[in-house]
Ligand code: RFL
Ligand code: PHB
């Protein structure tokens with residue numbers, strides 16, 4: 001088989017890239033190791049920046065998001081028994097949209113089906129070859145048979161545990177990493193959200209977040225030690241712990257019910273440089289991970305897709321082959337800024353196991369400054385709604 005761009009990974013990055021390239025007349029094949037049901041069962045991001053919303057519209061998949069997504073003009077920060085609101089609208093005249101990653105992925109698969117695009121599922125042993133030549137190819141096994149795809153370019157959209165990044169030799173690749181000493185335990189429950197906007201809570205017992213997917217579906221998180229297991233957390237224990245960490249009025253208003261999903265995710269910051277080697281581009285979680293506190297993971301994947309689809313369009317349609325050389329630098333400039341913001345949100349809102357009294361007082365001062373200073377709120381709002389592409 002032959003295609004112009006072989007895309008490894010059928011998550012949001014790979015599907016969005018394939019859709020945008022297709023609309024520009026560029027041929028792609030998506031190779032995914034899991035089943036579609038598995039990909040659609042992963043509960044992940046919920047907050048979409050304007051840049052991602054615009055890309056979905058450009059890709060022709062924004063219609064349901066525009067109809068069902070919840071526009072949020074601000075967020076609540078709770079600390080020391082008080083809470084205050086940061087208005088994105090007042091500070092930077094912008095907003096975010098709450099619409100689940102699962103729904104984004106579902107819409108992208110529907111669009112891919114509608115255009116008759118190829119997604120190869122359950123591809124085993126995906127291997128990249130000749131990446132440092134002008135004629136790369138990808139091999140994989142399916143149903144016991146070995147297959148080969150020849151292409152001009154490979155887009156590694158295969159997430160943090162994928163094969164693409166590891167194809168870049170150690171001598172070329174630099175990985176920057178920070179692992180945080182805690183995780184997030186998240187649950188999804190078919191209950192009305194406790195508040196119409198998100199609540200980020202700093203508490204002596206640990207961070208908590210109240211989020212949502214729609215008016216009948218809530219998403220909540222609590223900070224947990226790294227060695228905690230899902231089995232140790234009954235639904236009752238989760239709800240009790242959440243109530244303790246959020247402001248009293250919210251705790252009283254909280255509607256609880258059975259969880260329909262429960263999982264623990266460790267928190268890390270990770271950036272791989274460069275994001276291009278030869279004929280391979282890294283996109284999204286394959287190149288970088290941010291802690292979820294700033295809601296930036298999926299949004300960074302989207303800005304990578306933005307830079308890459310324009311560079312490939314320049315290559316194929318506008319006789320401007322030099323644009324692909326700028327992809328890594330452009331994408332990384334934004335990745336580092338979003339990583340800084342995610343690190344700052346994480347550091348400001350969590351309890352660290354080795355937090356000294358001095359660290360604690362600095363955190364309290366940071367939150368007091370955020371509550372009282374319009375400039376500090378503008379900085380948060382500007383980053384939360386997303387820096388320009
Ligand atoms: P994905 O979603 O991991 O998709 C990669 C795909 O590649 C496949 N794959 C392979 N395919 C072929 N061969 C191989 N060898 C392969 N190895 C892997 C995988 O099966 C998969 O289908 O990466 P992508 O597309 O770059 O998308 C990134 C986002 O999923 C991620 O950044 C966000 O979910 C992060 N995130 C959030 N981001 C936000 O912007 N806002 C949020 O509110 C937000 N909340 C979150 C989050 C992530 C979380 N977790 C669990 C990590 C909340 C949580 C709890
Ligand atoms: C979510 O709804 O899953 C969510 C929202 C905001 C975050 C992280 C996750 O910062």
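The values are calculated or read from the model by the stated rules, or taken from the named source; none is laboratory data. These figures come from a predicted structure and were not determined experimentally. Quick reminder, even Gly has a Cβ in these numbers, built from the backbone with ideal geometry, and neighbours come from all protein chains shown.
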(request) Please tell me if residue 275 is modelled with pLDDT of 95 or more, under 15 Å from residue 191 (Cβ atoms) and within 16 Å of ligand 1 (Cβ to nearest atom). (result) no
(message) What's the number of the only condition in (1) in contact with a strand residue (DSSP E or B) (Cβ under 7 Å, 6 or more places away or on another chain); (2) within 16 Å of ligand 2 (Cβ to nearest atom); (3) within 30 Å of residue 131 (Cα to Cα) that residue 52 fails to meet?
(response) (1)
(message) Out of the residues in the stretch 96-117 meeting the condition of being away from ligand 1 (no atom under 14 Å from the Cβ) and surrounded by fewer than 18 Cβ atoms within 10 Å (Cβ to Cβ), tell me which one is nearest to residue 385 (Cα to Cα).
(response) 110
(request) Kindly indicate which of 40, 16 is surrounded by fewer than 16 Cβ atoms within 10 Å (Cβ to Cβ), under 28 Å from residue 384 (Cβ atoms) and touching a helix residue (DSSP H, G or I) at 6+ places or on another chain (Cβ under 7 Å). (result) 40
(request) Only residues that are closer than 30 Å to residue 171 by Cβ and either within 16 Å of ligand 2 (Cβ to nearest atom) or modelled with pLDDT under 95 (or both): list them for the stretch 258-272, please. (result) 266, 267, 268, 269
(message) I need every pair where a residue in the stretch 221-235 that is under 23 Å from residue 254 (Cα atoms) has its Cβ under 8 Å from the Cβ of a residue that is away from ligand 2 (no atom under 16 Å from the Cβ) and in a loop (DSSP other than H, G, I, E, B), sequence separation at least 6 or different chains.
(response) 223/351; 224/233; 235/256; 235/258
(message) Considering only residues that are on the phi > 0 side of the Ramachandran plot, exposed (fewer than 14 other Cβ atoms within 10 Å of the Cβ) and within 15 Å of ligand 1 (Cβ to nearest atom), which ones fall in the stretch 118-151?
(response) 125
(message) Which of the helices (runs of 4 or more DSSP H) found entirely inside the stretch 1-78 contain at least 3 residues meeting this: over 28 Å from residue 381 (Cα atoms)?
(response) 12-23, 36-41
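Among the candidates 295, 265, 287, which residue alone is under 16 Å from the mean Cα position of the chain (by Cα), within 23 Å of residue 163 (Cα to Cα), within 15 Å of ligand 1 (Cβ to nearest atom) and crowded, with 17+ Cβ neighbours inside 10 Å?
Criteria check complete, one pass: 287.
This table checks each residue for (1) touching a residue at least 60 places away in the same chain (Cβ under 8 Å); (2) closer than 19 Å to residue 27 by Cα.
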position	(1), (2)
124	yes, no
129	no, no
136	yes, yes
142	no, no
153	yes, yes
157	yes, yes
164	yes, no
